[in-house]
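Okay, structure first, notes after.
The values are calculated or read from the model by the stated rules, or taken from the named source; none is laboratory data. As the structure is a computational prediction, the values presented were derived from the model and not from experiment. Reconstructed Cβ throughout: ideal geometry from the backbone, glycine too, with neighbour counts over all protein chains shown. Protein only, heavy atoms only, side chains kept; ligands, DNA and RNA dropped before computing areas. Shrake-Rupley method; radii C 1.70, N 1.55, O 1.52, S 1.80 Å.
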Amino acid sequence: MPAGAFQIGMRYVYSNMSGQAYGTDSLTINQVLSLFDVAPSEMITQGFAVDLLWGVNERITLTATGTFAQKTMDNLASLDGQSFAYLFYQTQASGIQDLKVNALYDVLSRGDSRFHIFGGVSVPLGAIDTDDVTPFSDPQATQLPYSQQLGSGTFDLMPGFTFNMQNKKASLGLQGRATIRLGENDRGWTLGDLYEGNMWGGFKTSDWASVSVGARYSSWGNVEGFDEELNPNESPAHNTLTQAGWRVDLPVGVNFVMPEGQFEGHRLGVEFLLPIHQNLDGPQLKHSWSVSAGWSMDVSF
C-alpha cells in the first residue's frame, strides 16, 4: 500500500470436503466404519472475512483479517446387523475465528520486480470448546472434533515471502508462507504446523479485468497432545494421528478493477481452488473444492 493509504475488503469463503481417503486412495464408508464407530462424510466451511490494510510508509504495510465462519459436518454411523444402512446426523459450529495480523516489508521494488517479506501472528479468538448434541450424547452436548473447532487455541507465527514480476499486460509470482503453532492450548492439544507454496500467472484482458491461474502446495502436521473428551476410536476426526497430509491445488481466478467513474478504486475478485493431488494420513476427509469471492476499495479520510 502507498504511504498513508487505507483499504477495506470483504470476502465470502466456502470450502467443501467430501469423502474419506487414506494416502492417495479413496475409502468407502464401510471401510472406515470397520475401524471406527463413526465416519464423517462431508464438512462444509463457509463464512465472511473482513480485511483491513494500512500503508504505514513506502515500505511497510499492516494488515488485519477477522473471520466469522460456520462449520457443518455430516456423519454416518453403522446400524447393528445392517451392512448398508446408516444412522445419519449432523453437527455444527459457528462463530468468530482467530484474528490474523501481518506486517509486510518491501525489500525490493526495481522496475517490474518486487520482493516482500512478511511476518505476523494469529491471535486465538476462535473457540476450541464448541460442542453439539449427537445421537450418542443426547440430551447432552459433546465436544466437537479438532477440525470443527473455530480456532487453534494458541498464538501462531505466520512468516513468509512474496516475489512477483508485473508489467502492463501480465504478472508472475511466487509465495511461501507458514503457520507455526506456539505452545499448547488450554485443552491439552496443538494443531499441526502448516506450510504453503504458491505459484501463479496473471494476464490482463482489458483495462478493468484480468485472469489468473497457478499451483498451490499445502502440507500440515498431525495434532499433538489430545483432548480428553474426544475418544480417538469413535471417529477418525477424533484421532490425532489421522489429521496430517499434503495437497496440490489448482487456483483459477478472475479480477475486476474499476479504473474510473463513480466506482473508481473498487475491486472485485473470485478464485476457485480445485484439488489436483492429495495424500492424507487418514482416514480423513478429502478436499473437494473451495471458492473465495471478495470486494475491496481504497478509503481516504
**Item:** Hits in the range 285-297 - residues which are surrounded by 18 or more Cβ atoms within 10 Å (Cβ to Cβ) and of a type in the set (S, T, N, Q)
**Value:** SER290, SER296
**Item:** Hits in the range 51-73 - residues which are open to solvent by 60 Å² or more (accessible area, probe 1.4 Å), touching a residue at least 40 places away in the same chain (Cβ under 8 Å) and assigned to a strand (DSSP E or B)
**Value:** LEU52, TRP54, LEU62
**Request:** Restricting attention to the range 179-194, report how many residues are touching a Phe, Trp or Tyr at 6+ places or on another chain (Cβ under 6 Å) and open to solvent by less than 40 Å² (accessible area, probe 1.4 Å).
**Result:** 2
**Request:** Assess whether GLY55 counts as being out of contact with any Leu (no Cβ under 7 Å at 6 or more places or on another chain) and over 23 Å from ASP249 (Cβ atoms).
**Result:** yes
**Request:** Starting from the range 117-128, take each residue that is more than 14 Å from ALA103 (Cβ to Cβ) and list its partners that are outside any strand (DSSP E or B) and among the small types (Gly, Ala, Ser), counting only C-beta distances under 7 angstrom and pairs at least six apart or across chains.
**Result:** PRO124/GLY151; PRO124/SER152; PRO124/GLY153; LEU125/GLY151; GLY126/GLY151; ALA127/GLY151; ILE128/GLY151; ILE128/GLY153
**Complete:** When every residue in the range 195-222 that is more than 20 Å from GLN166 (Cα to Cα) and out of contact with any Asp or Glu (no Cβ under 9 Å at 6 or more places or on another chain) is compared, the one least open to solvent (accessible area, probe 1.4 Å) is GLU196
**Item:** Boolean, THR28 is on the phi < 0 side of the Ramachandran plot, touching a residue at least 12 places away in the same chain (Cβ under 8 Å) and among the hydroxyl-bearing types (Ser, Thr, Tyr)
**Value:** no
**Asked** In the range 254-266, what count of residues is obtained for those that are surrounded by 14 or more Cβ atoms within 10 Å (Cβ to Cβ) and either over 20 Å from LEU172 (Cα atoms) or in contact with a Phe, Trp or Tyr (Cβ under 7 Å, 6 or more places away or on another chain) (or both)?
**Response** 5
**Prompt:** For the range 149-161, which residues satisfy the criterion of being surrounded by fewer than 17 Cβ atoms within 10 Å (Cβ to Cβ) and assigned to a strand (DSSP E or B)?
**Reply:** LEU157, PHE161
**Message:** open to solvent by less than 50 Å² (accessible area, probe 1.4 Å) and either more than 19 Å from THR45 (Cβ to Cβ) or part of a loop (DSSP other than H, G, I, E, B) (or both): which single residue out of GLY282, GLY176 fits that description?
**Reply:** GLY176
**Prompt:** Does SER300 count as open to solvent by less than 70 Å² (accessible area, probe 1.4 Å), of a type in the set (Ser, Thr, Tyr) and at negative phi?
**Reply:** no
**Request:** Answer yes or no: is there a residue in the range 159-178 that is over 30 Å from ASN255 (Cβ atoms) and touching a Leu at 6+ places or on another chain (Cβ under 9 Å).
**Result:** no
**Fill in**
Filter the range 24-48 for residues that are under 21 Å from PRO275 (Cα atoms) and among the charged types (D, E, K, R); the one that is surrounded by the most Cβ atoms within 10 Å (Cβ to Cβ) is GLU42
**Item:** Filtered residues of the range 267-278 (kept if open to solvent by less than 70 Å² (accessible area, probe 1.4 Å) and under 17 Å from the mean Cα position of the chain (by Cα))
**Value:** VAL270, GLU271, LEU273, PRO275, GLN278
**Request:** Please report, ordered by residue number, the strands (runs of 3 or more DSSP E) entirely within the range 74-148 with at least 1 residues that are hydroxyl-bearing (Ser, Thr, Tyr).
**Result:** 82-96, 99-110, 113-123, 141-143
